[in-house]
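Notes follow the structure.
Each reported figure results from applying straightforward, stated rules to the coordinates on display, with no laboratory input. Computed from a predicted model, the values in this text were never measured in an experiment. No Cβ is skipped: glycine too gets one built from the backbone with ideal geometry, and neighbour counts run over all protein chains shown.
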Amino acid sequence: MSLIQKVTYNKKFNKKTCNFTTPSHSQGDFICPEAENLLGRKFFECDMSETEGFDNLRAPDGILKELQYNISKIYTSKCSFMLPNGATTGIIAAMLAVLNSFDEVLVARNCHVSVYNGLVLTGATPVWFMPERDEKWDIFKSVTAEEIERKLKSNPLIKAVIITSPTYEGVYSSIPQISEVTKKYGAVLIVDESHGALSNFARDYTGYAPAIVSGADISVHSLHKTAGAPAPCGLLHIAKSSKITPEAVQAALNLVTTTSPSYPMMIAIEAVVNFLFSDKGKNEVRKLYDLVEDFIAKTHYLDDVEVYSGFNDKAKLLLRMKSLPAQAVAKILNDDFKIEEEFSNDNALLFLTGIGTQKRKFEKLLSALKEISVMEVEADIVGDKYNIELPRMIYTPREAYFHPYEYIDTEKAEGRICAEVVLPYPPGIPMILPGEVITKDNIKFIMTDKVKVTGINRK
């Protein structure tokens, strides 16, 4: 019996026991009116603790163990773990399961801030590298097997490699080629696949096989980003070919996951995975990519609109208008059309789509772009450009975390050592981390927020 079936059965046949346990609302015996109005009674009826028959996520040996086993079969993994605390805990747990203090780990600089958290907790030493940038779109390109091999060849002490694929903007790296290199040098490959939650069900549309069946040792998915689950549902997978043991990952997860995991979140994880694996789910994924392809095809009739194309997930709509700065387009969309983009940089706008993105939303965005493309707009953009360079590290993240610090004026920070993570959010990719030397460009970024739109005049 699955978790969903057991909860449904208990509700249907009134199998609720007299619990003197947490949570004290006792599956809806008491609900604050405001919470009931917003969340509904059913949410509280599913909210429970590790009572008889409902297992324990820290050491599953019953219904949760079976649920995770079923998920692993769907993802073709050695073992899969639910992450009701989100993908961040999966990234940290993967690092804790592999790395010890002072171990060296090769990390692409476009990683999520959760990798920094893992570096602090493990005490590992990062060997950073900066992937090549696509200046036209102001995004990072794919990580190549060649650059990974150069780093591993020059530093044989590197124990693990961490990359993000797909990136926040949807750009894939070739995991099969990279994994050949990491295996050659005996390094563990950890792939943050948070933004590729549909990869296991969308191979026909993306041309990309999931990381753990392509050679990665561990991958992490964030189900709320594109797969329709509520935040912060996630999954961690160990590849069948990996030497990493489920016991090591379970022990690591127990360090960073709450001892009171949300049963509504675990129910949602089960429901979403089962749905995506079903015929209805597969149809929903196909419908999404059909809508995306139709949208992209229609933008070809707009001379001023260009959509990014490459080895990327098309459901991450990255586009730009040739005649207007992206920040100006974002402001017009927000103010005039009530359309909010996921993210905009200097050159492009990102529109995140997934399960739940309906045809009407694509039509509204396309209509807005049509109107903007024929507007006569004068955009006054201020703010200096800054260079994206690999910072100089003086202390490791763990050393910096415990190091004394002081507050000073930002204008006077050049040459000083950073004591706090500086990152735009979204996408949650650090610009400078504790222990790194602050540069003039860093200060420029902090003070001006890159680029600001001060005025848009429509003629």
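Of interest is the spacing of the C-alpha centroids, which for the range 38-84 and the range 250-268 amounts to 9 Å.
At an R0 of 22 angstrom, the distance between the Cβ atoms of Ile394 and Lys444 translates into a FRET efficiency of 0.60. A simple count of charges around Ala419, restricted to other residues whose Cβ falls under 13 Å of its Cβ and scoring Lys, Arg +1 and Asp, Glu -1, yields -3.
Give me Trp137, Trp128 sorted ascending by neighbouring Cβ count inside 10 Å, so fewest comes first. Working shown, then result.
Working: Trp137 22, Trp128 16.
Ordered by Cβ neighbours within 10 Å, fewest first: Trp128, Trp137.
In a DSSP loop and with at most 16 other Cβ atoms within 10 Å, the GluC sites (Glu not before Pro) in the range 51-127 are Glu52.
Put in order of Cβ neighbour count within 10 Å, fewest first, the listed residues Thr89, Thr410 become Thr410, Thr89. Close amide H contacts of Asn312 (hydrogens built in the peptide plane, cut-off under 5 Å, sequence separation of 5 or more or a different chain): Tyr172. Extension gain for Glu420-Val377 works out to 11.6 nm (0.36 nm per residue, less the C-alpha to C-alpha distance). Here the chain carries DSSP beta bridges of which approximately 65% are antiparallel, counting only pairs with both residues inside.
Output the pairs from Lys73/Lys282; Lys282/Lys359; Lys240/Lys280; Lys287/Lys314; Lys136/Lys359; Lys184/Lys225 with a Cα-Cα distance over 22 Å in this structure; if there are none, say none. Cα-Cα > 22 Å for Lys240/Lys280; Lys136/Lys359; Lys184/Lys225; rest within. Remark: the range 155-168, residue by residue, has Karplus-estimated 3J(HN,Hα) of 9, x, 7, 5, 9, 8, 10, 10, 10, 10, 8, x, 6, 3 Hz, where x stands for each Gly or Pro and the curve is 6.51 cos²θ - 1.76 cosθ + 1.60 at θ = phi - 60°.
If you look at the Cα atoms of the range 35-115, you get an Rg and a Dmax of 17.2, 51 Å. Counting neighbouring beta carbons within 10 Å and listing from fewest to most, the residues Glu45, Glu169 come out as Glu45, Glu169. Positive contributions from Lys and Arg (+1) and negative ones from Asp and Glu (-1), summed over other residues with Cβ under 13 Å from the Cβ of Ile432, come out at 0. Looking at the range 162-288 alone, DSSP beta bridges between its own residues are antiparallel in about 45 percent of cases.
Need one number: convex hull volume per residue for the range 228-333, Cα atoms only, in Å³.
Hull volume over Cα atoms, normalised by residue count, gives 196 Å³.
Label-to-label distance for Leu38 and Lys287 is 2.9 nm, based on points extended 7 Å past Cα in the beta-carbon direction.
Just want to confirm a number: the relative contact order over the range 153-302, from Cα pairs under 8 angstrom separated by 6+ residues, in percent. Could you put the intermediate results ahead of the total?
Values: 187 pairs, mean separation 26.4, N = 150.
The value is 18 percent.
Set the Förster distance to 22 Å, then compute FRET efficiency between Gln177 and Met130 from the Cβ-Cβ distance, nearest 0.05. Plugging the Cβ-Cβ distance into 1/(1 + (r/R0)^6) gives 0.70.
Considering only DSSP states other than H, G, I, E and B, which trypsin sites (Lys or Arg not before Pro) in the range 281-354 qualify as loop sites with at most 12 other Cβ atoms within 10 Å? Each step should come with its number before you reach the end.
Details: sites: Lys282, Arg286, Lys287, Lys298, Lys314, Lys316, Arg320, Lys322, Lys331, Lys338; in loops: Lys314, Lys322, Lys338.
Those satisfying the criteria are Lys322, Lys338.
Partner aspartates and glutamates whose Cα lies under 17 Å from the Cα of Lys243, excluding those fewer than 8 positions away in the same chain, are identified as Glu180, Asp217. Across every pair of non-identical alpha carbons in the chain, the mean reciprocal distance, once inverted, gives a Kirkwood radius of 23.9 Å. Seen from Leu350, the other residues with C-beta closer than 9 Å to its C-beta sum to a net charge of -2, counting Lys and Arg as +1 and Asp and Glu as -1.
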